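Shown next, in structure tokens, is the structure this report addresses.
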Amino acid sequence: MEDEAQCLAYAKADFEEENQSFVTLFRDSYPEMTEGHVLDLGCGPGDIPIRFARTLPGCRVTGVDASAAMIHLAEAAVQAAGVADRVTLRCERFQSLQLPEPADAVMSNSLVHHLPNPFQFWHQLKRLVKPGSCVLVMDLLRPESPEAAQAIVDRYAAGEPPVLRRDFYNSLLAAFTEDEVAAQLAELNLSRLLIDVPDDRHWVVVGRLY
Ligand SMILES: C[S@@+](CC[C@H](N)C(=O)[O-])C[C@H]1O[C@@H](n2cnc3c(N)ncnc32)[C@H](O)[C@@H]1O
């Protein structure tokens, strides 16, 4: 997302419930993780890193996003939220990200459908964290047809501005199916990570990376 208007519309959209559920799912999946360094790949305008830092105050978060416009929004939001001591932001493509030492956990919400080559994502994920690290990756689930995608947009984004409705529709059609994600995990020897489909429009991958 390089377009500033699109980034602003995304930042202003109400993802409160979805983003808080994502952070709560991380906390509930890994109750033993109360400190350490957590990566957020494709952190967007920073809402998830901020919620994460508030929910797990012993953790440090590094949010990574390829879009300068998104990172500027995230920097302002992190400052305003008063969590800049625990949230670091980096404007980089995750594909070329280098860390001084591997992280203790990795999370990512709504990035994978942006990627022409999702294998790169799972490969990098393995490279960026320590063995035994906690993983939480969530994204949209591709519906069976354009009509089904439109029905989901109408059901869940009826009141959103046209730019977001269009983005949601295109994102649904660019997303992967459960079988496709399972095949990606198998290809990268990540079959110990578990994929679940919690509702009609998302998949989620949870597990420790051994
Ligand atoms: C739909 S947004 C999700 C933002 C955030 N995770 C959230 O849930 O609110 C996807 C983000 O991924 C970023 N992105 C896309 N390709 C990327 C890449 N190769 N490396 C890092 N970030 C990328 C985009 O700039 C965008 O901010």
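The values are calculated or read from the model by the stated rules, or taken from the named source; none is laboratory data. Quantities reported herein were computed from a predicted structural model and do not represent experimental measurements. We place every Cβ from the backbone using ideal geometry, glycine too, and count neighbours over all the protein chains shown.
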When the range 126-155 is checked residue by residue, the ones that are assigned to a helix (DSSP H, G or I) and more than 19 Å from the chain's Cα centre (by Cα) are Pro146, Glu147, Ala148, Ala149, Gln150, Ala151, Ile152, Val153, Asp154, Arg155
Taking the stated definitions as given, is Asp139 in contact with a strand residue (DSSP E or B) (Cβ under 8 Å, 6 or more places away or on another chain) and either within 11 Å of the ligand (Cβ to nearest atom) or not assigned by TED's automatic domain parsing to the domain that holds His37 (or both)? yes
Yes/no for Val135 being in contact with a Gly (Cβ under 7 Å, 6 or more places away or on another chain) and over 18 Å from Gly44 (Cα atoms): yes
Number of the exception - Leu73 against (1) surrounded by fewer than 21 Cβ atoms within 10 Å (Cβ to Cβ); (2) within 13 Å of the ligand (Cβ to nearest atom): (1)
Among the residues of the range 179-193, are any in contact with a strand residue (DSSP E or B) (Cβ under 9 Å, 6 or more places away or on another chain) and among the acidic types (Asp, Glu)? no
Reported set for the range 85-99 where residues are among the aliphatic types (A, V, I, L, M) and within 13 Å of the ligand (Cβ to nearest atom) is Leu89, Leu97
For Leu111: the one exception among (1) within 22 Å of Ser67 (Cα to Cα); (2) outside the structural domain of Leu194 (by TED's automatic domain parsing): (2)
What are the residue pairs meeting all of these: first residue in the range 143-158, first residue over 22 Å from Asp179 (Cβ atoms) and assigned by TED's automatic domain parsing to the domain that holds Trp203, second residue charged (D, E, K, R) and surrounded by 15 or more Cβ atoms within 10 Å (Cβ to Cβ), Cβ atoms under 8 Å, and 6 or more apart or on different chains? none
Just to be sure, is His123 touching a Leu at 6+ places or on another chain (Cβ under 7 Å) and either more than 11 Å from the ligand (Cβ to nearest atom) or more than 27 Å from Val181 (Cβ to Cβ) (or both)? yes
